[in-house]
């Protein structure tokens, strides 16, 4: 969101207006945000590979959700819509000139502090995964992440990505095959 | 690429994502997955992505900059929405300023055109000065005078545009 210049009084009015014009109350929003913010941030982060960008896009995604005129049958429906906004924001960002963009492998994938051993192996696996994911098409990345990291159903993924449920199974299958292929290539490359 | 389908795919996925794989899940499902290429692929990919997801979620709390709170997001969205509304309301005014400036330029040009015949006698006074100049200066002054006489309305119009255009642009773009 861009910086805007408003007086203190205008800011107070803005809060009053928000209660009237946003499609949910502040309390409802807080509950929804607590439930969804982390998974959505992780999703954006893994799709863009940039933590700071994920912060910005997360805020923009919630802003657009609050400004939408769409009606939602449930929180699940609203959550799917939020993922769709996030996906579109990520795609929009990808379409910008390359100078604006950051690499897909980011510093936040540094290994976690070693608490139970095996950190090096886990970090290596995650880096292999990041490399393989970076070679996937954006839509494939989104599908795989939503299906196997978030555990979303085919219907939910179709809603989130704006695809037909009937074609999703085949697309997901193909994406999984490609990812497995890239992972085995990485493993062979590492073993040499 | 041949399309392979396995009816146990969903069960295997759920077991991996529910962290029941391999120890806490059905023995027959495990045995099946060992012999099924599709399910082996599902286990490999799902286990890796799930591990990465868990790690990424845990990493949020280790970040220097925590995620913004719900209150912050709400506040910023409210302020942003109001600013957007103000901008949208001001847009017709901005166009109005631009149109007014363009009209002003047009009126100015028209006025110059109408007034031009009454301005012409002033040039006769200048002709008297011309007669006192040296031959070289006379030639130059003559050329300037002739040009001015013929093109003055256009020159004034262009000058007016040069002055008014930045002003109109300023009004049109200052909200952006």
Just grab the label-to-label distance for residue A:169 and residue B:5, each label 7 Å out from Cα along the Cβ direction, in nm (one decimal). 0.4
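Scaled to the compact-protein estimate 2.2 N^0.38 Å, what is the alpha-carbon radius of gyration of the protein assembly as shown, rounded to two decimal places?
Details: Rg = 33.3 Å, N = 368, 2.2 N^0.38 = 20.8 Å.
Rg over 2.2 N^0.38 Å, computed on Cα atoms: 1.60.
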In chain B, if every C-alpha pair distance is counted and binned at 5 Å from zero, what percent goes to each bin? 1, 6, 8, 7, 6, 6, 5, 5, 5, 5, 5, 4, 4, 4, 4, 4, 4, 4, 3, 3, 2, 1, 1, 0
How much mean residue ellipticity at 222 nm does chain B get from its helices, if each DSSP H run of length 4 or more adds -39500 (n - 2.57) and you divide by all residues, to the nearest 500 deg cm²/dmol? -28500 deg cm²/dmol
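Over all residues in B:51-62, what is the mean tally of Cβ atoms on other chains that come within 10 Å of each residue's Cβ?
On the way: counts 5, 12, 9, 2, 9, 13, 5, 1, 7, 8, 1, 4.
Mean partner-chain Cβ count within 10 Å for B:51-62: 6.
Equivalent-ellipsoid semi-axes (√(5λ), Cα gyration tensor) for the range B:9-60, whole Å, largest first? Display every interim value, and only then the final one.
Details: eigenvalues 98, 26, 10 Å².
Working from the Cα gyration tensor, I get semi-axes of 22, 11, 7 Å.
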Using only Cα atoms, find the angle between the long axis of helix B:37-60 and the longest principal axis of chain B, and express it within 0 to 90 degrees, rounded to the nearest 10. 60
How big is the range A:118-192 on each of its three principal axes, counting only the C-alpha atoms and giving the largest first in Å? 41, 21, 15
Calculate the FRET efficiency for residue B:169 and residue A:7 from the Cβ-Cβ distance with a Förster distance of 22 Å, rounded to the nearest 0.05. 0.25
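What is the mean number of Cβ atoms from other protein chains located within 10 Å of the Cβ atom of each residue in peptide A:12-18, rounded to a whole number?
Details: counts 1, 3, 11, 5, 2, 4, 8.
Taking the mean over all residues of the peptide, I get 5.
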What angle, in degrees between 0 and 90 and rounded to the nearest 10, separates the Cα long axis of helix B:70-119 from the longest principal axis of the Cα atoms of chain B? 20
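Each value in this text was obtained by applying a stated rule to the coordinates, not by laboratory testing. Keep in mind the model is a prediction, meaning the values are calculated, not measured. All Cβ positions, glycine included, derive from the backbone under ideal geometry; neighbour counts span all protein chains shown.
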